[in-house]
Amino acid sequence: MRIVSIVGARPQFIKCAPLSRLIRKKHEEILVHTGQHYDIGMSDVFFEELDIPKPDYNLGVGSDSHGAQTGKMLIEIEKILLRDKPDLVLVYGDTNSTLAGSLAASKLHIKTAHVEAGLRSFDREMPEEINRVLTDNVSDLLFCPTETAVLNLKKEGITKGVYNVGDVMLDSLKYNIKIAEQKATILKELNLNSKEYIVATVHRASNADSFENLSSIIKAFCHAGVPIVFTVHPRTEKYLKQYGLWDKLREKVKVIPPLGYLEMLKLMAHAKKILTDSGGVQKEAYMLGVPCITMRENTEWVETIEDGGNVLVGADYEKIMDAILNFEGGKAKGNVFGNGDACVKILEILMTAI
Ligand code: UD1
Ligand code: UDP
């Protein structure tokens, strides 16, 4: 079986690592990196530490407007698919790289599999929601991480080729958590004691690009009264500087560049709480049993809220402060993200489907 896997952004490297490892035991994988993320700390570091093979193609599309970025990817991916004639194309998550990959493949009538299918925030203001809906509609195999995702697809009339396999991010976390505990040095480097600090990430366009939302979030970080370690996404760094918030933030908060996955896992595992607007980080907080405060109005990961481990506070200063002080999380009721064997299940299904 010849599979073309398409990745491009940080979370996709983390998602593809365990499945790629499994695929390559018996099958041919051609790895395409669109180049959506290109900084060393947003891309190369993950290939190195997760042992992801060097991409066969790097399209080098870089940053641009949605249409231009997706369009450039589409043109180049189509050429690769015509040249390499795979049996299947694998796409992950909900970025512009996901949409370009699924669109190019489906138009060429190549079987397309979507890992992390069926997620919905029901918020079309999010570019990711458009990418999810479109990708799910053109995919032949839809690998859902949760039962909610299966039901979301059912409500849209998508039932063929749908499987709940669990979440590949749990596979990744299970494989790497012990390695992270042994290898990562971040707590020592930042002089942090376990469970005495909060980890923060912010990069959603609705927060990073908005002066109002970003300043409200930063104000809360500065007044938290607990040490905050903020790993800053390049998008957010750009706007923090543009809005004149950067220097004030750095006076009060430990601001650090994006971390590699192993350092990030260790930092999250030992945190008292996590403040985020990331999809992946919400799940990882839940998997690690760390209370998560989500700075969004909605989430695709509704199970984490229902279980009491996650709370939505938007970008509201008062709500963020209240959660920093009072939200203690809950006890996870079950394995909503599966058992950490999503990749095995996906490969079994792929082998029968092709
Ligand atoms: C993208 C995804 C988002 C995902 C996130 C993961 C889309 C529409 N968005 O958002 O779903 O959650 O990745 O992190 O696909 N930049 C750099 N260096 C880099 C990458 C980005 O400086 O290596 C800066 C550029 O200024 C760029 C901005 O970040 O314009 C945004 O990058 P982009 O890939 O368009 O979107 P993300 O916010 O990273
Ligand atoms: N992550 C990381 N280093 C960081 C911040 C996040 O390795 O400094 C990891 C995080 O552990 C998770 C993934 O990146 O596995 C989430 O990616 P991101 O928040 O960029 O995107 P999203 O999940 O929202 O699409």
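The values are calculated or read from the model by the stated rules, or taken from the named source; none is laboratory data. All values derive from a computational prediction rather than experimental measurement. Here the Cβ positions follow ideal geometry from the backbone for every residue, glycine too, while neighbour counts run over all protein chains shown.
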### Message
With the requirement that a residue be out of contact with any Lys or Arg (no Cβ under 9 Å at 6 or more places or on another chain) and assigned to a loop (DSSP other than H, G, I, E, B), what does the range 293-325 give you?
### Response
Glu297, Asn298, Thr299, Asp316
### Query
Across the range 217-260, which residue is farthest from ligand 2 (Cβ to nearest atom) among those that are closer than 22 Å to Phe13 by Cβ and polar (S, T, N, Q)?
Thr236
### Query
How do the pairs read when you match residues in the range 227-242 that are outside the structural domain of Met264 (by TED's automatic domain parsing) and part of a loop (DSSP other than H, G, I, E, B) with residues anywhere that are surrounded by fewer than 17 Cβ atoms within 10 Å (Cβ to Cβ) and modelled with pLDDT of 95 or more, using Cβ under 7 Å and keeping only pairs 6 or more apart or on different chains?
none
#### Entry: Every residue from the range 203-222 that is over 17 Å from Gln282 (Cα atoms) and assigned to a loop (DSSP other than H, G, I, E, B)
Asp209, Ser210
### The one condition in (1) under 19 Å from Ala205 (Cβ atoms); (2) out of contact with any Asp or Glu (no Cβ under 7 Å at 6 or more places or on another chain); (3) surrounded by fewer than 18 Cβ atoms within 10 Å (Cβ to Cβ) that Asp123 fails to fulfil
(2)
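Take the range 326-354 and flag every residue that is part of a helix (DSSP H, G or I) and not charged (D, E, K, R). I'd like the intermediate steps shown before the answer.
Filtering the range 326-354 for residues part of a helix (DSSP H, G or I) gives 326, 342-353.
Within the range 326-354, Asn326, Ala342, Cys343, Val344, Ile346, Leu347, Ile349, Leu350, Met351, Thr352, Ala353 meet the criteria.
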### Task
For the range 37-50, indicate whether the set of residues that are more than 13 Å from ligand 2 (Cβ to nearest atom), free of Cβ contacts under 8 Å to residues at least 60 places away in the same chain and either at positive phi or surrounded by fewer than 24 Cβ atoms within 10 Å (Cβ to Cβ) (or both) is non-empty.
yes
## Note on the structure
Exactly one of Leu82, Leu22 is surrounded by fewer than 21 Cβ atoms within 10 Å (Cβ to Cβ), under 26 Å from Thr352 (Cβ atoms) and hydrophobic (A, V, I, L, M, F, W, C), and that one is Leu22
### Query
How many residues does the range 220-231 contain that are surrounded by fewer than 16 Cβ atoms within 10 Å (Cβ to Cβ) and on the phi < 0 side of the Ramachandran plot?
3
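Of the residues Met264, Met287, only one is touching a Leu at 6+ places or on another chain (Cβ under 6 Å), of a type outside the set (Val, Ile, Thr), within 12 Å of ligand 2 (Cβ to nearest atom) and part of a helix (DSSP H, G or I); which? Write out each step before concluding.
Details: Met264 fails: touching a Leu at 6+ places or on another chain (Cβ under 6 Å).
Unique residue meeting the criteria: Met287.
From the list Ser65, Ser97, Ser102, Ser106, pick out the single residue that is within 16 Å of ligand 2 (Cβ to nearest atom) and polar (S, T, N, Q).
Details: Ser65 fails: within 16 Å of ligand 2 (Cβ to nearest atom); Ser102 fails: within 16 Å of ligand 2 (Cβ to nearest atom); Ser106 fails: within 16 Å of ligand 2 (Cβ to nearest atom).
That would be Ser97, the only listed residue that is within 16 Å of ligand 2 (Cβ to nearest atom) and polar (S, T, N, Q).
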### Task
Mind telling me which of the residues Glu181, Glu189 ends up being within 16 Å of ligand 2 (Cβ to nearest atom), surrounded by fewer than 16 Cβ atoms within 10 Å (Cβ to Cβ) and without any contact (Cβ under 8 Å) to a residue 24 or more places away in the chain?
Glu189
### Query
Counting residues that are within 15 Å of ligand 1 (Cβ to nearest atom) and either among the hydroxyl-bearing types (Ser, Thr, Tyr) or over 14 Å from the mean Cα position of the chain (by Cα) (or both), which helices (runs of 4 or more DSSP H) fully inside the range 68-173 reach at least 2?
96-107, 127-138
### Task
Could you tell me which residue of the range 51-63 is farthest from Val232 (Cα to Cα), considering only residues that are within 13 Å of ligand 1 (Cβ to nearest atom) and exposed (fewer than 14 other Cβ atoms within 10 Å of the Cβ)?
Gly60
